[in-house]
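The values are calculated or read from the model by the stated rules, or taken from the named source; none is laboratory data. Keep in mind that this is a model prediction, so the values were computed, not measured. Positions of Cβ are generated from backbone atoms using ideal geometry, with glycine treated the same way; all protein chains shown enter the neighbour counts. Surface accessibility is based on the protein's heavy atoms, side chains included, excluding ligands, DNA and RNA. Shrake-Rupley method; radii C 1.70, N 1.55, O 1.52, S 1.80 Å.
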Amino acid sequence: MIHLKSAKREKYTLTDLAPEKSALNNAILRSKQKLILCSAAIAFSIVLSMSAFLVLQQHLGYLLLINACLLVHAWLCQAKLAPLIKLFIFQSLVTIGLYVLLYGQERLFEAVIVVTRIILVMLPSWWLASTQSSHQISQVLSLLLPTKWAFVVTTSIKVLPFIGQEARDIYHIQCLRGARITPKALMNPINWYELVKCVLFPLLIQLLSLSKHIAHSANQRHFDKSSTHTHWPLN
């Protein structure tokens with residue numbers, strides 16, 4: 001009698017563990033699927049960024065169409081497009097302004113092509129950082145690179161949206177302080193030095209401080225102390 005009760009208790013225990021085991025297997029399967037998709041996204045973004053410099057001028061329209069699709073996909077993934085668009089507008093104005101200042105209007109079309117290629121180089125990396133999680137990117141890169149390099153590359157990719165947000169905050173603060181860096185003031189090349197001094201230098205200092213905090217955080221978590229590395233939430 002006691003033996004039958006023990007057998008029934010063991011049967012109920014195994015039955016109770018079955019859903020948990022099934023849920024764990026499903027989670028592992030989903031993690032592997034996401035890892036495969038992340039690998040494809042990394043390869044796709046690298047190919048797109050390289051193509052921005054390698055393709056012929058008449059084929060840039062195809063790359064623009066593909067990158068426009070990436071923008072739509074990132075927007076559907078709740079990514080903020082406004083800082084990116086402002087960054088592209090600012091970069092375009094500076095590049096075209098330098099071309100006009102140095103070469104005149106006869107090379108204006110060449111300046112537009114250069115701006116387009118720069119945007120097409122930057123956009124796939126931003127899309128990758130906005131749509132893929134950092135632990136999945138790190139896990140994929142760890143298969144190809146040493147652990148330290150994988151950590152550095154992953155951190156650099158994920159910090160791209162932060163750079164845009166930080167640059168915008170610094171710009172607004174400096175404008176409130178009366179710096180001559182408004183779009184109207186930047187029409188005068190003399191004020192470009194003030195833009196470098198008031199925005200780019202503080203942004204560089206902020207990024208150096210951020211890198212120091214990231215390194216300190218990694219050391220506190222005993223990064224690179226073990227030859228076997230795990231990736232949260234699933235290895």
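Assuming R0 = 30 Å, what is the FRET efficiency of Leu60 and Ala215, from their Cβ-Cβ distance, to the nearest 0.05? Before the final figure, lay out the partial values.
Values: r = 39 Å, r/R0 = 1.30.
Plugging the Cβ-Cβ distance into 1/(1 + (r/R0)^6) gives 0.15.
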Of the lysine pairs in the stretch 91-235, how many meet both conditions: Cα atoms under 27 Å apart, and a spacing of 8 or more in sequence or different chains?
9
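Per residue, how much accessible area does the stretch 134-220 show when a 1.4 Å probe rolls over the protein heavy atoms, in square angstrom? Before the final figure, lay out each step's value.
On the way: 5660 Å² over 87 residues.
Ligands and nucleic acids excluded, the figure is 65 Å² per residue.
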The stretch 126-184: Cα Rg divided by the 2.2 N^0.38 Å rule of thumb:
1.59
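Under the classification rounded if a/c is under 1.5, otherwise prolate if a/b is larger than b/c and oblate if not, where does the stretch 51-119 fall, given a ≥ b ≥ c as square roots of the Cα gyration tensor eigenvalues? If you can, show how the numbers build up before the last one.
Numbers: a/c = 3.75, a/b = 1.51, b/c = 2.48.
In terms of gyration-tensor shape, oblate.
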